[in-house]
Amino acid sequence: MKAGKRMKGVVISKPIIYGNIATELLSRKTEHTHKWTVFLRGPNEQDISYYIHKVEFKLHETFVNNNRACKSPPYEVTETGWGEFEIITKVYFPPASGEKPISLYHMLKLYPPDTPGQSWPKGKPVSNFFYDELIFSEPTEEFFAMLTKGSGGPEVPLASPEGHAFSVESEAAECKRLEAAVRQVVVKHDEYRERAHAAEAEIATLRRDIAALESAG
Ligand code: SLL
């Protein structure tokens, strides 16, 4: 289908969460060590299928039928396996959108982070997922209508209740942390510049002393 007229100057962004959770298999019948799920979803668990045509998850070649397609939600694949690898998640949009598919790259994580002195509780799931935004620049009129239909609810939760890692509140907290880090960098930068000036002045004095000693000798 040929895509229709594009809307000049319009940009729409859609929040998403993608990544994986994994749990260690405590009783093993094969060489498989973990059960995992890789997923793409809305940050508020909301329906995102109204602007998505299909999602493909490309797994490692060691998996049977390693290209898994989901034509409807949930956009996820659950498997068991023994190793970590990069999963390519290809998101397709409706034909009327005229949009090319978008590829997201995710490293499947099975093992908990190294925390010296602390052991990871047996059976506790490991998770590795990210907040991102799909940006649609100058969508077609048809796609604009789909993108703005939605479910009407908030796309990103305001606060972070249990299980919601990403919210307007956590974004504001992250901004504050980044601002504090920038302020610290500026302070350190000034401090090092002053030290460099002092060292340069000292070098100049020492050079003068050497020159004076040499001419005296
Ligand atoms: C590694 N480079 O060596 C990675 C590859 C591949 C993981 C990991 C297959 C499971 C099955 C599976 O888990 N592959 O046999 O169905 O760690």
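Among the residues of segment 66-77, what is the count of those that are within 16 Å of the ligand (Cβ to nearest atom) and open to solvent by less than 40 Å² (accessible area, probe 1.4 Å)?
Residues flagged as within 16 Å of the ligand (Cβ to nearest atom) and open to solvent by less than 40 Å² (accessible area, probe 1.4 Å) within segment 66-77 amount to 2.
I'd like to check something: does segment 24-33 contain any residue that is of a type outside the set (Val, Ile, Thr) and closer than 23 Å to residue 138 by Cα?
No - not one qualifying residue is present in segment 24-33.
Failed condition for residue 119, given (1) more than 12 Å from the ligand (Cβ to nearest atom); (2) small (Gly, Ala, Ser); (3) open to solvent by less than 80 Å² (accessible area, probe 1.4 Å), with all others met?
(3)
Looking for whichever is closer than 26 Å to residue 150 by Cβ, within 16 Å of the ligand (Cβ to nearest atom) and of a type outside the set (A, V, I, L, M) here; the options are 80, 23, 89, 37. Which one fits?
Selected residue: 37, the only one of 80, 23, 89, 37 that is closer than 26 Å to residue 150 by Cβ, within 16 Å of the ligand (Cβ to nearest atom) and of a type outside the set (A, V, I, L, M).
Six or more apart or on different chains, Cβ under 8 Å: which pairs go from a residue in segment 75-98 that's on the phi > 0 side of the Ramachandran plot to one that's assigned to a strand (DSSP E or B) and among the charged types (D, E, K, R)? Could you list them?
98/6
Of all residues in segment 133-159, how many are open to solvent by 60 Å² or more (accessible area, probe 1.4 Å) and assigned to a strand (DSSP E or B)?
Result for segment 133-159: 3.
Residue under question is residue 63, and the condition is that it be open to solvent by less than 80 Å² (accessible area, probe 1.4 Å), within 12 Å of the ligand (Cβ to nearest atom) and free of Cβ contacts under 8 Å to residues at least 24 places away in the same chain; does it hold?
In short, yes.
The values are calculated or read from the model by the stated rules, or taken from the named source; none is laboratory data. Since we're looking at a predicted model, the values are computed, not measured. Here the Cβ is made from the backbone with ideal geometry for all residues, glycine too, and neighbour counts use every protein chain on show. Heads up: the accessible areas ignore ligands, DNA and RNA and are worked out on the full protein's heavy atoms, side chains in. Shrake-Rupley method; radii C 1.70, N 1.55, O 1.52, S 1.80 Å.
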